[in-house]
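The values are calculated or read from the model by the stated rules, or taken from the named source; none is laboratory data. The shown structure was predicted, so the numbers you read here are calculated from the model rather than taken from an experiment. Positions of Cβ are backbone-derived with ideal geometry, glycine not excepted, and every protein chain shown enters the neighbour counts. Just the protein is used for accessible areas: all its heavy atoms, side chains included, with ligands, DNA and RNA removed. Shrake-Rupley method; radii C 1.70, N 1.55, O 1.52, S 1.80 Å.
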Amino acid sequence: EESTALRAGSTQNLQAYEAFLRGKLMAGASALSAERSQQAVAEFDRAIALDPDFAEAYVRKAQVQLLTFWLAIGPRSLREEAHASVLQARRLAPDSIDTLLVEAIEFYYAKLDYAAAEGKLQQILARAPEHAEAWEYRAYVARRDGRFDDSTAAFERSLEIDPQALDAINSLIENAVL
């Protein structure tokens with residue numbers, strides 16, 4: 001079920017996938033700037049133009065929009081634009097783990113509804129317990145909620161799965177000084 005759920009919403013269009021990958025490269029949170037965010041969104045838009053049913057491109061576009069909104073390095077309208085991207089992802093791949101993840105991220109960054117974010121993350125981890133990004137966001141939610149031990153444990157679990165997750169490494173270090 002996990003591999004099927006992870007593939008849901010992907011594309012068979014090579015050009016769309018290449019644009020998607022370029023967008024992902026531009027979207028790394030550690031080096032995200034307003035310019036890189038705009039470039040990433042443009043690449044995701046290119047992928048979507050080539051394959052309008054590419055749900056994962058909508059997911060990643062929404063993630064960049066939400067993070068850019070959260071970091072206050074883009075216009076306030078990104079919150080609504082991200083919501084539109086989330087709705088498209090949900091329409092195209094409602095049961096996708098990626099869609100659940102971006103819904104959790106929207107609850108966290110745009111709605112400040114940490115309980116709802118945690119609920120979505122629990123759904124993901126019930127289906128895909130090795131999903132490093134879900135563990136990472138669970139750590140952010142726990143930290144925001146003041147549960148620092150839970151946050152540290154979730155960051156550590158995320159890093160067991162993906163030891164090269166730079167954002168999780170940096171956040172785990174931040175937890176140590178909080």
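Results, tabulated for the structure shown:
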item	result
Relative contact order for segment 31-79, counting Cα pairs under 8 Å that sit 6 or more residues apart, in percent	38 percent
Extension gain from H83 to L112, taking 0.36 nm per residue of separation minus the Cα-Cα distance	9.1 nm
14 Å beta-carbon shell around F148, net charge (K/R +1, D/E -1)	-1
Selected from Q123, Q38, Q164 as most flexible by GNM, with the chain as the system and alpha-carbon contacts under 10 Å	Q164
Dipole in debye (nearest 20) - the chain, about Cα centre, beta carbon charges: Lys, Arg +1; Asp, Glu -1	440 debye
Formal net charge of residues neighbouring L92 (Cβ-Cβ distance under 11 Å; K, R +1; D, E -1)	-3
Relative contact order of segment 53-145, pairs being alpha-carbon contacts under 8 Å that are 6 or more residues apart, as %	25 percent
Contact order relative to length of the chain, as percent, for alpha carbon pairs under 8 angstrom and 6 or more apart	16 percent
Choice from G23, G146, G74 with maximal GNM fluctuation in the chain (Cα, 10 Å cutoff)	G146
Accessible area per residue in Å² at 1.4 Å probe, computed on the chain	49 Å²
Mean Cβ neighbour count within 10 Å, used as a protection proxy, ranking 148-156, 95-103, 81-89 highest first	95-103, 81-89, 148-156
Counted charge near A116, where neighbours are those whose Cβ lies closer than 11 Å (Asp, Glu -1; Lys, Arg +1)	-2
